[in-house]
1. Hey, quick one: spin label on R156, modelled 7 Å out along Cα-Cβ, who in region 92-107 has an amide N within reach, i.e. under 13 Å?
2. What FRET efficiency comes out for the pair K191/L111, r = Cβ-Cβ distance, R0 = 25 Å, nearest 0.05?
3. Could you list which residues have their amide H under 5 Å from that of T39, counting only those 5 or more apart in sequence or on another chain, with H placed in the peptide plane?
4. Rounded to the nearest 0.05, what FRET efficiency do A79 and S44 have when you use their Cβ-Cβ distance and R0 = 25 Å?
5. Enter the Cα centre distance for the pair region 1-41 and region 51-66, rounded to the nearest angstrom.
6. Pop a pseudo-label 7 angstrom from the Cα along the beta-carbon direction at both R164 and D147 and give the gap in nm to one decimal.
7. Express in Å², to the nearest 10, the accessible area of D149 obtained by rolling a 1.4 Å probe over the protein heavy atoms while all chains stay in place.
Amino acid sequence: MGGTVAGVGVTALGLGLEGPRGWAFRGVSFEAEPSSLITIEGPSGTGRTCLLLALTGRMKPTEGTATVGGGALPKRMAAVRRVSALAHVPGVTDLEPALTVAEHLHERALLQRRFGDSLRGLLRPRAERKGEGRRLIDGALSAAGLDLDSLPKGSRTAVRDLERVEALRLSIALALLGRPRLLGVDDTDLKLSDAERAEVWALLRSITEAGTTVIAVCSEAPDGTVEVSTQATDEAPAPEKTDEKEAADALAQAGRA
């Protein structure tokens, strides 16, 4: 993907987010080095996604502080968004079932060239830009472990025909096209078999080994990660359960960000 990406360190101190129906999470504190695999562990409805969105600059925390690569939250949310990307977040990064894998990749690469690259890059000859886009796509696919030749119709395979892990890999590849220093992945192990979960965790570890810091939401974290919980501690009161409407509102806010 154009060279090694330098991951960011992530810290939080007493981080909390209160919504209209109570606290989504509260009292979250942890410290992670650059290129760490950070896992937000817990059952669905306990504010996991809200914490992921807060740590990637998509939602403004109500109390406490966090630092992402030197960018302090909540003051520098825009700066954190510029170095982070999201994958597999329902309501935010949904794939279009009727579009093919190639269409998703080319659309995202085009957006990256238009809005994510420098003006100097846009002024390069068209053939040069096209070649760079191809290299960017190939690098993202390799990092996400998505082999187009293994798909039923290759790159012309529609998203609706992808297996669950293949769709997750595509979502991650699309996020990696922006060469983020921080990658946030939601519902990492949702409805996966034990073998599929092991496959996904191996993928995320390989991404951190290449330099990118990863935050992954899961129901059960594997060993060797920086584990973060949204559950109550002795120091922090129990947060309210996040209902479906509040979660949808939060995701809509994240999509606008």
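The values are calculated or read from the model by the stated rules, or taken from the named source; none is laboratory data. Note that the coordinates shown come from a computational prediction; the quantities given were computed from them, not determined experimentally. Cβ coordinates were reconstructed from backbone atoms using ideal geometry, including for glycine residues, and neighbour counts include every protein chain displayed. Side chains are part of the model used for accessible areas, which takes the heavy atoms of the whole protein and leaves out ligands, DNA and RNA. Shrake-Rupley method; radii C 1.70, N 1.55, O 1.52, S 1.80 Å.
1. 100-103
2. Values: r = 29 Å, r/R0 = 1.17.
Step by step, r from the Cβ atoms, then E = 0.30.
3. The answer is A216, V226, E227, V228.
4. Values: r = 30 Å, r/R0 = 1.21.
Result of the calculation: an efficiency of 0.25.
5. Computed from Cα coordinates, the inter-centre distance equals 8 Å.
6. 2.2
7. Counting only protein heavy atoms, the figure is 140 Å².
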